[in-house]
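Colleague: Here it is, the structure, as structure tokens.
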Amino acid sequence: MAAAESAGSDSLTKEVHCRRPKASKVWDYFKLPQNKKVVCTLCNASMAYHRSTTAMLAHLKRKHTDTMLEDGPPEKAKSPLSGFSFGGLSSQSLTVPTTSGQPAITTVADPKDAFGIVTTMSSTMKTNTPLFKFPAVQPKLESPQSDTEISSDITFEIPVASATALEAKDGLSNVSSTEAQRDKLFTFTAVRPILESQWRDVEWTEEKKASLMKTVSSYTASCGDCPARILLLGPVGSGKSSFISSVQSVFKGRVTNRAMVGSFSTGFTKKLQSFNICDQKSEDAAGLVLCDIMGLGDGEMTGLTLHDILSVIKGHVPEGHKFSPDQPVRSETQGYVKKPSLKHKIHCVAFVVDASKILTYPKGLCATFQNLREHISDLGVHQVALLTHIEQICPETAKDVSQVYKSRIIKDMMGKAGALLGMSTSYIVPVKNYSLELDLDVNTDVLLLSAVDHILQYADLYFQDNMPKFDV
């Protein structure tokens, strides 16, 4: 009978990962509790024991400091799972103390990714109380020593009396609990950067590309024979010229860079340039014109001035005019259009911002955008925005552009772009420009054409609002 009890006790000990009373170094200096009291082996002092080593540790620090310094601080019993990676989240430490007093269970996950998850959980141990369980994860050793497979379910058979659920901080979600007889289990699931469904419906097919190309190339303004002139406006290096070249590439059937693209800190484009967007096989006149212009700088002395921008939108600035901060556009400027008609004006402004720089743009840029938007709105011109370089902030989208509307990162960055520009995200569309590629990609083409179609919808609103006022 005694042997059976001993075997059962050994089995229970293994199940709870060596639940033993002498895991703390404190017990090296105290006799085991008898009659709810413990005795210090160094000075024979006795004290009450309430299933905690806190009082004993305080006694050693107060009365036997020298002894504690010689032996070093007590070591914590660590779980062999320390250093594992759960579901892609690198766990820096996973400590499971084995004392029978008042242990703390602490997990710290600090992956160097976009979500930055840090979570901590503690509990008080009692006997025959609920257990913690971390299910359905794929733990991996960061520095594997062998090819040994590890079970996908890690269950810590640690009784606890109460627990505080982890607070989700941008990276963890779906914290749930279930009752199963006497066991209460907590499930922790890592948030995936890719959603199960798109937050904007887009068809990524050749048929959709062909349909969008037909829509754009056959566009006709509601006022008649006047192409929609779209002004691209944004900081230096945001991708304005690259967007124009990318759209032209789609219609040419090959990657081309007709709009000069540079990488200078002050921008490559210095003058007003207009580019017709049309099907190369069609003999019809272009229904869309994309206008490239000098980029916005940190101040009016390093980029376009508000005066020059408004002059372009009003139609006063001639094609090819070279901008200079110290020489604003005036009526004396060569080629100045004194009485612009509808075909000289800008019918929609598309702001272009770099997704990889949204968080690092100068603080004053937000005020610049809002000031611009107020003046442009006063002219009755609608505005939209393009979020470029999305592949630089989302690895999944860099691999497959069709994942753009499933990306949590891009969706979040669009919200930040909206705050920067002072506009709703419904006006903003993400795009990926051609840069390193030599061949066209269907998904990239669909995304670019969808952006152009989005712009044309707002350009047509201008024609509807202003058609009776102009004589083409």
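Colleague: Which of the residues that make up the range 210-258 are assigned to a strand (DSSP E or B) and hydrophobic (A, V, I, L, M, F, W, C)?
Modeller: Scanning the range 210-258 gives Ala228, Ile230, Leu231, Leu232, Leu233.
Colleague: Check off (1) free of Cβ contacts under 8 Å to residues at least 60 places away in the same chain; (2) under 25 Å from the mean Cα position of the chain (by Cα) for Leu448 and give me the number that stays unchecked.
Modeller: (1)
Colleague: Between residues in the range 217-237 that are under 27 Å from Ala355 (Cβ atoms) and residues that are at pLDDT below 90, which pairs lie under 6 Å by C-beta distance while being six or more apart or on different chains?
Modeller: What qualifies is Ala228/Ala221; Pro235/Gly295; Pro235/Leu296; Val236/Gly267; Val236/Gly295.
Colleague: For the range 346-396, name all the residues that are surrounded by fewer than 21 Cβ atoms within 10 Å (Cβ to Cβ) and aromatic (Phe, Trp, Tyr).
Modeller: Scanning the range 346-396 gives a single hit, Tyr361.
Colleague: Continuing with the same structure: Just give me the residues in the range 190-209 being more than 18 Å from His454 (Cβ to Cβ) and part of a helix (DSSP H, G or I), in sequence order.
Modeller: Glu206, Glu207
Colleague: On the given criteria, is Met423 outside any helix (DSSP H, G or I) and either aliphatic (A, V, I, L, M) or over 18 Å from Phe243 (Cα atoms) (or both)?
Modeller: Yes.
Colleague: Further question: Give the residue that is modelled with the highest pLDDT, with candidates limited to residues of the range 272-311 that are within 33 Å of the chain's Cα centre (by Cα) and polar (S, T, N, Q).
Modeller: Thr305
Colleague: Please find, within the range 201-221, the residue that is most open to solvent (accessible area, probe 1.4 Å) out of those that are modelled with pLDDT of 95 or more and basic (Lys, Arg).
Modeller: Among those that are modelled with pLDDT of 95 or more and basic (Lys, Arg), it is Lys208.
Colleague: Something else now. Tell me which residues, restricted to the range 312-358, are part of a strand (DSSP E or B) and modelled with pLDDT of 95 or more.
Modeller: Cys348, Val349, Ala350, Phe351, Val352, Val353, Asp354
Colleague: If you don't mind, there's one more thing I want to ask. Check whether at least one residue in the range 399-412 is acidic (Asp, Glu) and assigned to a helix (DSSP H, G or I), and report yes or no.
Modeller: Within the range 399-412, one or more residues are acidic (Asp, Glu) and assigned to a helix (DSSP H, G or I).
Colleague: Taking the range 31-58 on its own, how many of its residues are assigned to a strand (DSSP E or B) and surrounded by 13 or more Cβ atoms within 10 Å (Cβ to Cβ)?
Modeller: Summing the residues that are assigned to a strand (DSSP E or B) and surrounded by 13 or more Cβ atoms within 10 Å (Cβ to Cβ) in the range 31-58 gives 5.
Colleague: Can you give me the number of residues within the range 427-469 that are open to solvent by less than 40 Å² (accessible area, probe 1.4 Å), at pLDDT below 95 and of a type in the set (Lys, Arg)?
Modeller: Qualifying residue count, the range 427-469: 0.
The values are calculated or read from the model by the stated rules, or taken from the named source; none is laboratory data. Just so it is clear, the model here is predicted, and its values are computed rather than measured. Don't worry about glycine lacking a Cβ; one is built from the backbone with ideal geometry, like all the others, and counts go over all protein chains shown. For accessibility, only protein heavy atoms count, side chains too; no ligands or nucleic acids. Shrake-Rupley method; radii C 1.70, N 1.55, O 1.52, S 1.80 Å.
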